[in-house]
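Structure first, commentary second.
The values are calculated or read from the model by the stated rules, or taken from the named source; none is laboratory data. Since we're looking at a predicted model, the values are computed, not measured. Positions of Cβ are generated from backbone atoms using ideal geometry, with glycine treated the same way; all protein chains shown enter the neighbour counts. Note: accessible area is taken over every heavy atom of the protein model, side chains too, but ligands, DNA and RNA are not part of it. Shrake-Rupley method; radii C 1.70, N 1.55, O 1.52, S 1.80 Å.
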Amino acid sequence: MAQKPTAELEHATIAPTDDASSNPKIGAAGLAKRGASLASDAAEATRAYVAPLQEAGQEYAGRLVDAGHQKVQEAAFYAELGYEETRDLVRGYPIQALGIAAGVGVLIGLLMGRR
């Protein structure tokens with residue numbers, strides 16, 4: 001993975017200056033510049049840390065999408081196969097298929113009527 005970008009920030013400290021104690025405006029401006037610099041460094045370190053994670057996540061998401069497409073194709077194949085087998089059985093045994101359909105309809109009717 002990525003190196004530890006926080007190591008750069010651990011060494012960054014705000015050093016007091018003699019100008020800050022003698023002139024508060026210069027001290028505040030210096031602190032503002034130093035703060036902006038530290039914020040910029042922190043943002044840069046964050047980008048350096050996040051970029052490899054983002055790439056790895058995108059690669060993983062791509063693999064998941066590919067696997068999902070493959071599973072969808074398999075499910076479609078088996079659904080079509082099941083449909084064909086059911087169609088052939090119903091055409092081969094129409095009376096039995098009608099009896100099963102009527103029995104399932106009565107059962108569903110009884111279950112729905114109890115609510």
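Values computed for the structure shown
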| item | result |
| --- | --- |
| Cα-centred dipole magnitude for segment 30-85, charges only on beta-carbon of K, R (+1) and D, E (-1), debye, nearest 20 | 760 debye |
| Largest-first principal axis extents of the Cα set of segment 30-85 (Å) | 81, 15, 6 |
| Carbon/sulfur fraction of accessible area - segment 30-85, other protein chains in place, 1.4 Å, % | 61 percent |
| Mean accessible surface per residue for segment 30-85, computed with a 1.4 Å probe while every protein chain stays in place, in Å² | 79 Å² |
| ³J(HN,Hα), Karplus 6.51/-1.76/1.60, whole Hz, each residue of segment 32-49, x for Gly, Pro | 5, 5, 5, x, 5, 5, 5, 5, 5, 5, 5, 5, 5, 5, 5, 4, 5, 7 |
| Positive-end residue of 39, 50, 65, charge dipole of segment 30-85 with Cβ unit charges | 39 |
| Euclidean distance of C-alpha centroids, segment 79-115 and segment 64-78, integer Å | 28 Å |
